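What follows is a single structure, written as structure tokens, with notes after it.
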Amino acid sequence: MKKKDFLSILDLTREEIGRIFEKARENRRGMPGRSLAGKAVVLVFEKASTRTRISFEVGIARMGGHPVVLAAESSQMGRGEPLKDTARILAGYCDAIVMRTFEHTRIEEMAFFARVPVINALTDLLHPCQVLSDCFTLSERVVNLSARKVAWIGDGNNVANSWINAAAVLGFELALACPKGYEPDEAVLQAARRAGARISVMQDPRDAARDAVAVNTDVWASMGQENEVPSRAKAFSSYQVDEVLMGVAAPDAVFMHCLPAHRGEEVTEDVLEGPRSIVWEQALNRLYVQEAILDYFLREKKE
Ligand code: CP
Ligand code: NVA
């Protein structure tokens, strides 16, 4: 049987996502079952992480498995051992590989050379575990999500690109307000539109947020863009999510952020800590949704 990887939300159908959400709800009610008993999962990190690392480690342990963290800089990867060699070695010892890296082609290379499932824990292009979990959180709040509009304010980054993929699979409308030059990935956008997704990219944050059921944002400079912080601060200065912007959203709108957040930059303290913010719920649900993803890709989804 051929193994399956989770590199993008597009690797799942709407029906499969429904099953993952059902399992996530079950996991939240108690223990997730022991489908990883006797199995080892390696977590390869080429960038920093708090939520992703700990939620995967704890989730794997709750499922009876053994998580092994490999920090690239303290391994032979950091000394230049080819990724294709690392992939075959890790796949020999472990039953799955979770990886956070830079260029998306690196995780594709890992998936190509590893004979076990590879799960994307963030690349420069996509952050599918985050957004799948965010859609789970939002779907619990909103009765008919596919009939509503979700807004994205700020950088057309990895998280934004995964929201575009999610809109294509789950059918909700997505409006993104990005400064000129910081729009989402063109190929991701075009593929979503070809799949019939209702996606619009604009510059005015108020146009995107108007009547939206969720207002989403993220940092202005992602990991790896540290030297662009000053130019980005200038380009994004009118893209802060504040109470005024939340005021044009739907009356039942929530504020979402994948975290970590920079208060006073992309979001005000008031909004982040306010009653409409569901950021803590989003972070907690990462645990249950990722357990369901592991369960699905290691046990069920083999073709
Ligand atoms: N949201 C998220 O992926 O957080 P970490 O970078 O802490 O893993
Ligand atoms: N866009 C951010 C998300 C961090 C979870 C980054 O890539 O740094």
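The values are calculated or read from the model by the stated rules, or taken from the named source; none is laboratory data. A quick note: this is a predicted structure, and the numbers were derived from the prediction, not measured. Cβ coordinates were reconstructed from backbone atoms using ideal geometry, including for glycine residues, and neighbour counts include every protein chain displayed. Accessible surface is based on the protein model in full, side chains and every heavy atom, while ligands, DNA and RNA are left aside. Shrake-Rupley method; radii C 1.70, N 1.55, O 1.52, S 1.80 Å.
Only one of the numbered conditions (1) part of a helix (DSSP H, G or I); (2) farther than 17 Å from Asn157 by Cβ; (3) open to solvent by 70 Å² or more (accessible area, probe 1.4 Å) is violated by Pro275, and that is (1). If you go through segment 224-251 and keep only what is touching a helix residue (DSSP H, G or I) at 6+ places or on another chain (Cβ under 8 Å) and more than 16 Å from ligand 2 (Cβ to nearest atom), you end up with Ser238, Asp242, Glu243, Leu245, Met246, Val248, Ala249. Scanning segment 39-58 for residues that are in contact with a Phe, Trp or Tyr (Cβ under 8 Å, 6 or more places away or on another chain) and away from ligand 1 (no atom under 11 Å from the Cβ) yields a count of 4.
Taken together, the criteria exclude Gly196 from residues that are more than 18 Å from the chain's Cα centre (by Cα) and under 25 Å from Ser237 (Cβ atoms). Which of the residues that make up segment 31-56 are in a loop (DSSP other than H, G, I, E, B) and open to solvent by 30 Å² or more (accessible area, probe 1.4 Å)? Matches in segment 31-56: Met31, Gly33, Arg34, Ala37, Gly38, Lys39, Glu46, Ala48, Ser49, Thr50. Hey, any hits in segment 208-223 for a residue that's within 14 Å of ligand 2 (Cβ to nearest atom) and either open to solvent by 30 Å² or more (accessible area, probe 1.4 Å) or over 17 Å from the mean Cα position of the chain (by Cα) (or both)? Checked segment 208-223: at least one residue is within 14 Å of ligand 2 (Cβ to nearest atom) and either open to solvent by 30 Å² or more (accessible area, probe 1.4 Å) or over 17 Å from the mean Cα position of the chain (by Cα) (or both). Residues that are over 30 Å from Leu245 (Cβ atoms), at least 3 per element: which helices (runs of 4 or more DSSP H) completely within segment 57-160 meet that? Output list reads 83-93, 104-113. The residues listed here are Ile20, Ile107, Ile60; of these, the one that is within 21 Å of Asp295 (Cβ to Cβ), within 16 Å of ligand 2 (Cβ to nearest atom), in contact (Cβ under 8 Å) with a residue 24 or more places away in the chain and open to solvent by less than 30 Å² (accessible area, probe 1.4 Å) is Ile107.
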